[in-house]
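Chemist: Once you've had a glance at the structure underneath, I'll fire off some questions.
The values are calculated or read from the model by the stated rules, or taken from the named source; none is laboratory data. What you are looking at is a predicted structure, and each value in this text was computed from that prediction instead of being measured. Here the Cβ positions follow ideal geometry from the backbone for every residue, glycine too, while neighbour counts run over all protein chains shown. The accessibility values were calculated without ligands, DNA or RNA, using every heavy atom of the protein model including side chains. Shrake-Rupley method; radii C 1.70, N 1.55, O 1.52, S 1.80 Å.
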Amino acid sequence: MTTPSTPARRAFRLAGRSALLLGVLIVSACLLSVAKTNVAFAGYPDSPQAADGRFRNPVPKPVDGVLKTLGLIWDVLLNKPADTVPAAALPVDGLTRAQLEAAPDRSLFRLGHSTMLIKLRGGFWITDPVFAERASPVQWAGPKRFHAPPIALEDLPPLRGVIISHDHYDHLDRETVLQLAQTTGVFLTPLGVGDRLIAWGVSPDQVRQFDWWESTTLGGVQFTATPAQHYSGRGLFDGNKTLWASWVIVDGADGDTAAHDLRLFFSGDTGYFEGFKEIGQRFGPFDVTMLETGAYNTQWPYIHMQPEQTVQAHLDLRGRWLVPMHNGTFDLAMHGWTEPFERVLALTNDRGIALATPRMGERLDLASPHAATRWWRGAGEALAFADSTLAPTAR
């Protein structure tokens, strides 16, 4: 066995110390972030998802050993491949308030990661809004955006509502929420996440909290919090104090199953689980499914889906068009940043599934989506799919 040279040993020790220091700084940042607000979580003992003051998934998460956890941290800090971050600027379609206000109903604009701006019945709804430069408890460290949002936060038109899936930093940004609270009608959240918003300063009159399968109808649009397989928390001691959820959005006649309603599914973060089939049976078929396709790894299959599972979830939901999300904005895993797009593209092509991958800021017509483009390879390069391959399944 070859003994590492002295310079190599020194470099190894330096890397280890750097990783340790970064870990300590991030942990300290988490503690400081939690200390900013004293959140009084209600506990929700009546929820079927709650036990002993915390929420849980129907299928328990496998317990990872300490060595596995340390190994994951080491890989993330020291063994990142070079292609997890784009080498050049990404194509982004800039937006203005005038453009958004002039857009027809049933328009979707992807603003980044899992932030979707949706126009229904003359009003705007936004999912998991994150406009911060970093998905982190602090803005001096942590995953940094690959691109600026297509529109500045202050330029957004007033919103009918904000739809939140869970409270992780890449889905719930405190400063974004506080600014949106000034011009937003309502925040729709899973149980406990609303408590956090109220502790931040959002008016309780603006917050509505939901358990799985609970619904509300606002202005002819029905919103239902549906199951997901994930977890929650923003610090060291608040794990699973809040619930996580996916969302079903139905634009129909006061939420009824009208002949020409529009059915959307927003996954939030989730591993693959049997709940997709039940959601599809209760609410499908869906015109568009917005499903996480990114930040996956074979080491954490329980909480994030591989692209093959994303496609299967779309089929379980009885979806027509698939819009992959949770990619293209932050470096949150060990895979190349374009890999989620390439893998889901190949899978949907092989199985004849209609795929839409709009550029950041590009308008997508939810009533009649357009085919995918390889924007991550080069702006404006269209895919040469046959019409039969892209034809959505009839409802």
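Chemist: Which of the residues that make up region 216-245 are open to solvent by less than 20 Å² (accessible area, probe 1.4 Å), within 19 Å of F124 (Cα to Cα) and part of a loop (DSSP other than H, G, I, E, B)?
Modeler: Once the filter is applied, which keeps residues that are open to solvent by less than 20 Å² (accessible area, probe 1.4 Å), within 19 Å of F124 (Cα to Cα) and part of a loop (DSSP other than H, G, I, E, B), region 216-245 yields only G220.
Chemist: Continuing with the same structure: Which one of these does I164 not meet: (1) in contact with an Asp or Glu (Cβ under 7 Å, 6 or more places away or on another chain); (2) surrounded by fewer than 16 Cβ atoms within 10 Å (Cβ to Cβ)?
Modeler: (2)
Chemist: I've got another one for you. Which condition number does G94 fail, the rest of (1) crowded, with 17+ Cβ neighbours inside 10 Å; (2) part of a loop (DSSP other than H, G, I, E, B); (3) touching a residue at least 60 places away in the same chain (Cβ under 8 Å) being met?
Modeler: The single condition G94 does not satisfy is (1).
Chemist: Which condition number in (1) surrounded by 23 or more Cβ atoms within 10 Å (Cβ to Cβ); (2) under 19 Å from L188 (Cα atoms) is the one that Y296 fails?
Modeler: Y296 satisfies every listed condition except (2).
Chemist: Then there's this: If a residue must be touching a residue at least 40 places away in the same chain (Cβ under 8 Å), more than 21 Å from D287 (Cα to Cα) and touching a Gly at 6+ places or on another chain (Cβ under 9 Å), how many such residues does region 328-354 contain?
Modeler: Result for region 328-354: 9.
Chemist: Tell me, which residue of region 171-205 that is in contact (Cβ under 8 Å) with a residue 24 or more places away in the chain, farther than 26 Å from R134 by Cβ and surrounded by fewer than 19 Cβ atoms within 10 Å (Cβ to Cβ) is nearest to the chain's Cα centre (by Cα)?
Modeler: Only one residue fits best here, namely V186.
Chemist: Just to confirm my filter: which strands (runs of 3 or more DSSP E) fall fully inside region 109-215 and include at least 2 residues that are under 30 Å from A51 (Cα atoms)? Walk me through how you get there before you give the answer.
Modeler: Working: elements: 115-120, 123-127, 159-163, 184-190, 207-210.
Of the strands (runs of 3 or more DSSP E) lying wholly inside region 109-215, those with at least 2 residues that are under 30 Å from A51 (Cα atoms) span 159-163, 184-190, 207-210.
Chemist: Additional query: Kindly establish whether T257 is open to solvent by 10 Å² or more (accessible area, probe 1.4 Å), more than 20 Å from the chain's Cα centre (by Cα) and at pLDDT below 95. Let's see the steps before the verdict.
Modeler: Values: open to solvent by 10 Å² or more (accessible area, probe 1.4 Å): yes; more than 20 Å from the chain's Cα centre (by Cα): yes; at pLDDT below 95: yes.
Against the criterion (open to solvent by 10 Å² or more (accessible area, probe 1.4 Å), more than 20 Å from the chain's Cα centre (by Cα) and at pLDDT below 95), T257 qualifies.
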